[in-house]
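Student: Handing you this structure, nothing more for now.
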Amino acid sequence: MITASQLRAARALLGLDQRQLAERAGVSLPTIQRMEASDGVVRGVIDTLMKVIEALESAGIELIGENQQSAGTGRGVRLREPAPRPPREG
């Protein structure tokens, strides 16, 4: 599974625009646009999702699922739950 946020972040890390990712994955530009505009986990045809994921991975992206450890080396970013804010006094 991949979320829309992961897709946008992966593309940004690679310095690709939506058209370039679509070409690398062999899918249409509107498909990438639709995936990135979705809310949460990207839904769609499994074959299409796998093409996009394979294109990202072959370009050097490691997709990390929630609560999974990274198996790779290198730099990256990970989104975590923010720490709760203390109540405001007032």
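The values are calculated or read from the model by the stated rules, or taken from the named source; none is laboratory data. It should be emphasised that the depicted structure is a prediction, and the values quoted were computed from it without experimental measurement. Here the Cβ positions follow ideal geometry from the backbone for every residue, glycine too, while neighbour counts run over all protein chains shown. In case anyone asks, the SASA skips ligands and DNA or RNA and just uses the protein heavy atoms, side chains included. Shrake-Rupley method; radii C 1.70, N 1.55, O 1.52, S 1.80 Å.
Student: Kindly list, by first and then second residue, each pair from a residue in the stretch 67-90 that is under 19 Å from Ala10 (Cα atoms) to a residue that is surrounded by 10 or more Cβ atoms within 10 Å (Cβ to Cβ) and modelled with pLDDT of 75 or more, limited to pairs with Cβ atoms under 6 Å and residues at least 6 apart or on different chains.
Tutor: These pairs meet every condition: Ser70/Ile64; Gly72/Glu62.
Student: Of everything in the stretch 54-90, what is within 28 Å of Gly26 (Cα to Cα) and at pLDDT 80 or above? Give them in sequence order.
Tutor: Once the filter is applied, which keeps residues that are within 28 Å of Gly26 (Cα to Cα) and at pLDDT 80 or above, the stretch 54-90 yields Glu54, Ala55, Leu56, Glu57, Ser58, Ala59, Gly60, Ile61, Glu62, Leu63, Ile64.
Student: Check every one of the helices (runs of 4 or more DSSP H) wholly within the chain and list those with 1 or more residues that are acidic (Asp, Glu) and in contact with a Lys or Arg (Cβ under 9 Å, 6 or more places away or on another chain).
Tutor: Numbers: elements: 4-14, 18-25, 29-37, 46-58.
So the answer is 29-37.
Student: Can you tell me which of (1) open to solvent by less than 60 Å² (accessible area, probe 1.4 Å); (2) in contact (Cβ under 8 Å) with a residue 24 or more places away in the chain is the one Asp39 doesn't meet?
Tutor: (1)
Student: Please determine, by comparing only the residues of the stretch 42-85 that are under 12 Å from the mean Cα position of the chain (by Cα) and among the β-branched types (Val, Ile, Thr), which one is surrounded by the most Cβ atoms within 10 Å (Cβ to Cβ).
Tutor: By that ranking, first place goes to Val52.
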